[in-house]
Each structure stands twice: as C-alpha cells, then as structure tokens.
Amino acid sequence: MTVESNIHRESRLNKLKNLQDRGYNPYPYRYKPTAFAADLQEKYKDLAAGVDTEDRVVVAGRAMAVRNNGMFIDIKDYSGKIQAFCHKNHLSEEDLEILKNLDVGDIVGISGYVRRTPRGELSIAAEKFDIISKSLQALPEKFHGLTDVEARYRQRYVDFIMNEDSKEIFRKRCAITSAVRHYFEQHGFLEVETPMLHTIMGGANAKPFITHHNKLDMDLYLRIAPELFLKRLVVGGFDRVFEIGRNFRNEGIDKTHNPEFTGLEAYQAYADYNDMAELIPDLMRFVAKEVLGTTVINFRGNEIDLAKPFAKKSMIDLVKEYAGVDFMEANTLEEAQAMAKSVGVDASECISWGKVISEVFDAKVEANLIQPILVMDMPRDISPLAKTHRDNPRLVEHFDAYVCGMEMGCAYSELSNPLEQRERFEAQCADREKGDDEAQMLDEDFVNALENGFPPSGGMGMGLDRLAILLTDAETIRDVIAFPTMRRKD
C-alpha cells in the first residue's frame, strides 16, 4: 500500500470513528430501497427541467462523485446512475453531520422526492441521508489502461465498480451460460452433476491437479473433464445428458487458457459425430441470438455470421493445404517427424504419428481458421475415446470446431466397444511410460460400464469461457472470468 493510500485510509478511518462516536452505525443490518436508477430514469424521462414531484422513493448505491461538499452526489446502483440533491433545508442536523463524513466510494441510502433540476438532471431531493457502508479504500481516479491491467484482475471488485465495460462483459457471460442451459433443456437433455474428485485421471489429455483426502488417505485428481461419468449415465439409460461445470487442468496461462474453466459436455444416445456437427453450430447460433439479438458478430476486426453453414475439412487436408505436406504418406513416426521438420516444425519430442500432425496443425493451420469451420477426422492415436473412422482406420470420428483461430469445442462418435476401449487405454498407458504425462489412464470401472452396453452415441464438449470471449469480443479469457488465476504477488 502506498503512502498516499495510507493517508486516504487514515482519513476514512477518522470519519468512521466520528460516526461511531456519535452512536451512528455505518454498517446496518438492512436497508430497503424502493426504486432503482434505471427505472426512475425511464419513468421520469419526460419530466421537465425545474419541476418537483410529490413522488417519494428510497434509493441506495455507491457514491461515485461528490460535489459542493455533498450537496450533489452521483449514486450508482446495479441498474445505472442517478443524482442525489442533499440541501441543508431538507435534512436534519443529524443527517448533515453524517453527510460531512461522506467519501467517494461509500454506499449510501437516500430517502426523498423526485425532481428534475433547472439544469435538467433527474435527482432525488434528500429528506433523509444515511451511510450504509463506509468504504475504507479510496477508489482510483482511473482503473483501466495498460499500467493497471494486472490490478484490474487482482482486484476485480474494483474493476467492476469503475469499469462498466468489464461489468457488461460479465453480465453477457452469465447470460451465455443461461442460454446454453436453455438450449439443451429445449432439446430434451437432462442437466446432471458428476464428481469433481476423481480417483483416475481421464476424459481428456491434460495434466491434472492432485489433492489428498485425509480420511481415506488417498490421492485424488481434480477433474479435467466429466466425460467418463456422463457416459456412465448414458449406459444407465439417461439418453440425453449435459453438464456445465468447472474443470481443472494444470497447464499454462494465456489468452485462451486458465487452469480452471467452465466446461460444457453433452451426450446423445443413438447419434454420432455427424449429429454433433449439426448441434454445435446450432447451439452457437442460438446463444448468439439469445444474448446479442443477432448471429452476426465482430471479433477482433472479423465479421462472423454464425447463421451460415460451418465449413468442414479434415485435419489431414488442412495441414496439406497450409503446410504443403500429406501425412497420410508418412507410415512411421520418423517419417512424420521428418515431414514436420521439412516445413519448419520441430516434432522431435512427439511420440506418435498423430502428435506430429497435431503439432504441425497448431503451428501452421490454426491461426488461419477465421470463418467457422469443423476440423474433421483426427488421428486415432491422439483421440482414445472416439470411434475409429468408418473409412480410414488411422483416423477417428472426432472433429474440433474453430472460429477466428480459436478452438471452440469438439465432438466424437463415442467409442462403444469395451474391448477396443481397453486397447486404447493401454496404448495411452504406454505413452505415459514414454513420458507423456497428459495421456489418459486405464479406467477399469469405465470399461466395465461399457461392457454393460453403451448405445451408439455422439458427444460434444465446449469451453464456455471461450464462447464468452467470442461473443463479447474480449481480449483475453481473463476478461470473461470474474476471478482469473493469478501469480502470487510475492
């Protein structure tokens, strides 16, 4: 804390003591406003300048500006802003003494009548004034810009107080989650909850967070994906299920990654990835229309019309198009690594053919995928939970959805053969032994669930934080998460 901020805090502490010495409690248990700024602005929009009404209201909010020793106070509540007019002729001596201890940032309650000042400002003429939460921290004059970026994320509550743009992004993000839920409920899906503490790491290829349960004396993994539990529910006869919840991946932080994020997954029995190729674009259109009122969005200077059909191209063909190499001609890992090297991609640490292709795709293709596209048919050895492609055994029926170079979600024809699933898990275990700490583990209970009969199914997953980035044109994932993960200040 700076010397200046200490001085501000001392002043506020002194004012707090003044109030308490008078027997006044600036932290009451309750305060009940009867009106809100936006409603009042709308109701009295035609009130002429200089006119007083006899309509009495009670408002509450944060004092964002104080002028003329408290005669004029700009009050901000959840809906907007309104002015309070605190004239000595309308307030008691006690109220005036309380008013002397007001600071910008305090939360106040005003009871009075509605008027419009001769200058045209809608106001509440105060007949009763209260400080209902004394703020001990001074608000910044400006809480934006490059020098304050980190402070914005660390003290997000201050960012929301000062920056209406940040607040609006977060409101839209909440509306996006609500719209996603609405979409699946309309389509007959049941919302469920599955465990976040897993004994086996599975459902996606990622590094986990590990915790310990003291009573059971066992290590547990924070879930990286709910997939395997949701599929167990489909085995149990719940044909359409979805879950919105937190996932945790022990990975780096950048513009599209946060170690904990909100994931969406949905599974539909008697469907495949072709059905999901219709569902994901339809979901994105629905959410955009619900939240923004349009399917046409602008993201970082690109106009995207989500109403148009999403393109479909295989990963192999896209790599051929942008990197100029055809990995179907590579029959060994070494041949694939040599191809990658020939186009300037170091894949020397990749342990499989599919990993090499994925590495080249990330380096050469991803950033070019501006308009919505479904990247179809992934290599089999990097997608252990998807069905083998019906036309090519080296591939699986798995696609990723991209918009503006950002992966938005994925979908599979879900692998339902328990014997093949065991083989895939065993191959993943072999990859772990070779040093791939993102490879999945063998989940015996999940294989056992499949042995009870898992219907042909399509499944999809999507990061709702990324959907929020897209629909709000946010700079980074931190803008759409209320409290993003930050490095410790020390």
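The values are calculated or read from the model by the stated rules, or taken from the named source; none is laboratory data. All values derive from a computational prediction rather than experimental measurement. Cβ sites come from the backbone with ideal geometry, for glycine too, and all protein chains shown count toward neighbours. In case anyone asks, the SASA skips ligands and DNA or RNA and just uses the protein heavy atoms, side chains included. Shrake-Rupley method; radii C 1.70, N 1.55, O 1.52, S 1.80 Å.
Provide the FRET efficiency to the nearest 0.05 for the E366-S178 pair, computing r from the beta carbons and using R0 = 25 Å.
The value I calculate is 0.25.
Could you give the length gained by full extension between E10 and N392, i.e. 0.36 nm per residue of separation minus their alpha carbon distance, to one decimal place?
Computed gain between E10 and N392 is 130.3 nm.
Provide the FRET efficiency to the nearest 0.05 for the H257-S79 pair, computing r from the beta carbons and using R0 = 45 Å.
Calculated transfer efficiency: 0.85.
With the calculation restricted to Cα positions, what are the radius of gyration and Dmax of the range 56-159 in angstrom?
Values for the range 56-159 (Cα only, Rg and Dmax): 14.8, 46 Å.
Is the chain rounded, prolate or oblate when judged by the Cα gyration tensor, a ≥ b ≥ c being the square roots of its eigenvalues, rounded requiring a/c under 1.5 and prolate requiring a/b larger than b/c?
Here the chain falls in the prolate category.
Pulled fully out, how much extra length does the chain show between D326 and L136, if you take 0.36 nm times their separation in residues and subtract their Cα-Cα distance?
Separation in residues times 0.36 nm, less the Cα-Cα distance, equals 62.0 nm.
Going down the table (K308/K355; K32/K100; K128/K167; K289/K355), which pairs top 26 Å between alpha carbons?
Pairs exceeding 26 Å: K308/K355; K128/K167; K289/K355.
Just to verify a number: FRET efficiency for E193 and E290, C-beta to C-beta distance, R0 = 25 Å, to 0.05?
Computed FRET efficiency for E193 and E290 comes out at 0.60.
Note down the magnitude of the dipole of the range 258-413 about its Cα centre, charges +1 on Lys and Arg C-beta and -1 on Asp and Glu C-beta and zero elsewhere, to the nearest 20 debye.
260 debye
Tally Lys and Arg at +1 and Asp and Glu at -1 over the other residues with C-beta under 12 Å from the C-beta of Y273: what net charge comes out?
-4
Quote the charge dipole size of the range 100-228 about the Cα centre in Debye, to the nearest 20; the model charges only the Cβ of Lys and Arg (+1) and of Asp and Glu (-1).
360 debye
Could you give the dipole magnitude of the chain about its Cα centre, charging the beta-carbon of Lys and Arg +1 and that of Asp and Glu -1, in debye to the nearest 20?
About 2220 debye.
Note down the net charge around A340, summing +1 for each Lys or Arg and -1 for each Asp or Glu among other residues with Cβ under 12 Å from its Cβ.
-3
Suppose the chain between E444 and K312 were pulled fully straight at 0.36 nm per residue; how much longer would it get relative to their current alpha carbon spacing?
Roughly 44.0 nm would be gained on extension.
If each DSSP helix of 4+ residues adds -39,500 (n - 2.57) and the sum is divided by the residues in the chain, what number results at 222 nm, nearest 500 deg cm²/dmol?
-10000 deg cm²/dmol
By DSSP, what percent of the beta bridges with both residues in the range 306-430 are antiparallel, rounded to the nearest 5?
Within the range 306-430, antiparallel bridges account for around 75 percent of the total.
Once a ≥ b ≥ c are taken as the square roots of the eigenvalues of the Cα gyration tensor of the range 325-373, is the result rounded (a/c under 1.5), prolate (a/b larger than b/c) or oblate (a/b not larger than b/c)?
Prolate.
What is the local net charge at Q83, summed over the other residues whose Cβ is closer than 11 Å to its Cβ (Lys, Arg +1; Asp, Glu -1)?
That works out to +4.
Calculate, for the chain, the solvent-accessible area per residue in square angstrom, rolling a 1.4 angstrom probe over the heavy atoms of the protein chains.
Averaged over the residues of the chain, the accessible area is 49 Å².
Please go through the range 273-373 and write out the GluC sites (Glu not before Pro) that DSSP classes as loop and that have at most 13 other C-beta atoms within 10 Å.
E349
How would you classify the range 116-262 from its alpha-carbon gyration tensor, with a ≥ b ≥ c the square roots of the eigenvalues: rounded for a/c under 1.5, else prolate if a/b is greater than b/c, otherwise oblate?
It comes out prolate by the Cα gyration axes.
Roughly to the nearest percent, how much of the accessible area of the chain is carbon and sulfur, given a 1.4 Å probe?
Roughly 49 percent of what the probe reaches on the chain is carbon or sulfur.
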